[in-house]
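Reviewing the structure listed below.
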Amino acid sequence: MIVLLDTTVFGADALCGGDAWQTLVLAAPIWGVRIVTTEVVIEEAIGNYEREVKAARTGLKRWADKRLGTLGLWDAFRSADEVLADGAAHYAERLRDRLTAANIQVLPVAEIPHIDLVKRASARRRPCNDKGDGYRDTLNWLILLELAGAEKEPIIWVSANTTDFGSGRDDGGLEFHPQLVEDLEPVAALDRVSWQLTLADVVISLAAEHALGSESDIKQIKEKVRNASVLEFLERELIPSAIRQRVNARQCALPRETISASFRAMENVRNLKLTLKGIVPGERGIAEFTVEVDAGIDATLVLPADPSGTEAVTSSRYINKPLLLRGLLTLGQFGNPEGAEIANIESMPDDPGRSEWQAYLAASDALRTLAEALRPMQQNQEAFRRMAEALRPMQQNQEAFRRMAEAIGSFQQNQEIFRRWGAGTGAQTPSDENADPETDDDHEGGRTMINEDLWARKPRVTCSSCVGYARDTATRTCNGQWRLTRSGHHITARLARSVKPLPRAGTACRERAS
């Protein structure tokens with residue numbers, strides 16, 4: 001079994017000192033697990049840590065300038081700033097030392113042709129996003145594929161990056177994007193590569209598989225566990241770290257207009273559900289817990305300023321709602337809780353915000369599918385550019401186009417004459433203005449020639465080239481179409497039951513049938 005770590009693992013626990021890290025490292029040799037990461041991940045983790053420290057120092061400096069100037073506590077600020085600076089300067093060394101001590105293998109960057117990365121980015125192939133960004137994620141994914149091809153062991157990919165790797169399922173289920181599934185097929189790894197969001201999830205799943213322990217040992221720990229003491233431990237030890245977790249607006253079912261959010265408070269820990277998964281060395285029990293809490297959330301929303309939606313305003317809102325906390329709990333040999341780590345924070349199953357997010361994600365998925373279907377056309381931009389350049393001289397000479405269209409128009413209006421001439425019948429000039437269209441199916445002596453089968457449909461008269469020839473009673477007619485031809489005019493019409501014959505050429509275009 002190989003556990004392959006993405007950058008988000010180090011973002012959640014920068015110094016690898018959490019309960020999930022310690023448990024996995026301790027149990028890995030017994031469970032036959034190899035913990036692996038990549039050089040790309042390490043460099044990205046170092047860069048992220050340094051940026052976080054820089055932001056912290058900047059914020060601390062602003063706060064100190066505002067608060068500490070009159071209190072005479074600048075020495076405290078300087079001391080904290082030095083600790084932050086030292087942490088950033090030595091983080092890379094400390095991280096690599098921790099990984100070496102935990103026997104975690106760091107894979108070098110694979111020999112991947114750069115053109116392969118360019119092609120994936122140009123095709124917006126996951127884990128690249130819709131803008132083609134995702135160079136480091138793509139490198140890590142290709143390393144995973146290379147590892148899966150070389151090793152026949154099961155691989156657990158550990159990453160909280162559901163945006164670039166996930167399928168975007170409406171129900172929030174965890175599965176790879178279809179394009180990534182396609183990548184796994186050539187290396188026969190569909191059944192061997194799985195995905196977990198956090199290390200806590202990994203420990204829980206592996207403990208259920210490898211750390212079953214004897215029934216008597218598990219029963220003994222279960223009997224010793226006291227829910228009251230566990231709830232007290234979680235409230236004391238876990239809630240402070242939970243408040244510092246990033247808020248996922250979708251998982252917490254916040255309003256869809258939310259652009260940022262943070263926890264202000266969590267209280268009233270209740271309704272503990274504890275599932276013992278197994279026992280690891282040292283007679284420590286591994287359990288999965290779920291509790292409900294009342295969470296206070298500071299959210300920033302972007303709302304439309306007017307009905308048209310062209311302008312927007314930001315709004316701050318305090319939201320109080322119940323949430324579910326799920327995670328890993330380690331128990332001592334006497335059933336006392338020794339450590340805990342959060343794996344997920346999400347809304348209650350009956351939260352109405354869940355259905356709103358599901359509807360929104362379903363619409364987004366449809367648009368994404370359409371965009372992917374159109375992508376081959378978008379990729380051939382060079383052909384479109386050349387065609388546009390070839391047409392540009394003609395586009396600039398719009399006057400020539402207009403004159404050509406007018407010249408062609410006169411020919412289009414005389415199509416019936418050309419048709420008859422081509423058929424050898426010749427075009428005849430009508431002369432009888434009072435011909436009855438109801439009795440003459442092709443009255444060549446009048447101004448109107450009617451096709452009998454279309455006339456029977458009693459269509460409404462409209463003129464596509466000058467004015468409409470229609471009686472006031474035309475609203476009673478159907479949608480049949482036929483062709484009305486006269487000398488010098490060709491009109492596509494929807495004809496009423498009674499139509500006054502067309503006037504002579506050159507005099508009728510401003511008149512209406514009555």
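Summed over the stretch 135-174, residues that are at pLDDT 85 or above, among the acidic types (Asp, Glu) and either closer than 30 Å to residue 349 by Cβ or surrounded by fewer than 20 Cβ atoms within 10 Å (Cβ to Cβ) (or both) total 4. In the stretch 295-337, of all residues being of a type in the set (Gly, Ala, Ser) and touching an Asp or Glu at 6+ places or on another chain (Cβ under 6 Å), the one that is modelled with the lowest pLDDT corresponds to 305.
Selection of the stretch 345-375 for residues being of a type in the set (Val, Ile, Thr) and at pLDDT 85 or above yields only 345. For the stretch 72-84, check the following and say yes or no: at least one residue is more than 30 Å from residue 146 (Cα to Cα) and of a type in the set (Phe, Trp, Tyr). Yes; the residues of the stretch 72-84 include at least one that is more than 30 Å from residue 146 (Cα to Cα) and of a type in the set (Phe, Trp, Tyr).
Within the span defined as the stretch 105-122, one or more residues are within 24 Å of residue 2 (Cβ to Cβ) and among the polar types (S, T, N, Q).
Among the residues of the stretch 4-61, the one identified as closer than 14 Å to residue 98 by Cβ and among the charged types (D, E, K, R) is 13. The helices (runs of 4 or more DSSP H) falling completely within the stretch 1-103 that include 1 or more residues that are over 29 Å from residue 189 (Cβ atoms), of a type outside the set (A, V, I, L, M, F, W, C) and under 36 Å from the mean Cα position of the chain (by Cα) map to 19-31, 39-67, 74-101. Within the stretch 240-284, if we keep just the residues that are part of a helix (DSSP H, G or I) and either surrounded by fewer than 18 Cβ atoms within 10 Å (Cβ to Cβ) or not assigned by TED's automatic domain parsing to the domain that holds residue 329 (or both), the residue that is modelled with the lowest pLDDT turns out to be 241.
The values are calculated or read from the model by the stated rules, or taken from the named source; none is laboratory data. From a predicted model like this one, the values you see are computed outputs, not experimental measurements. Don't worry about glycine lacking a Cβ; one is built from the backbone with ideal geometry, like all the others, and counts go over all protein chains shown.
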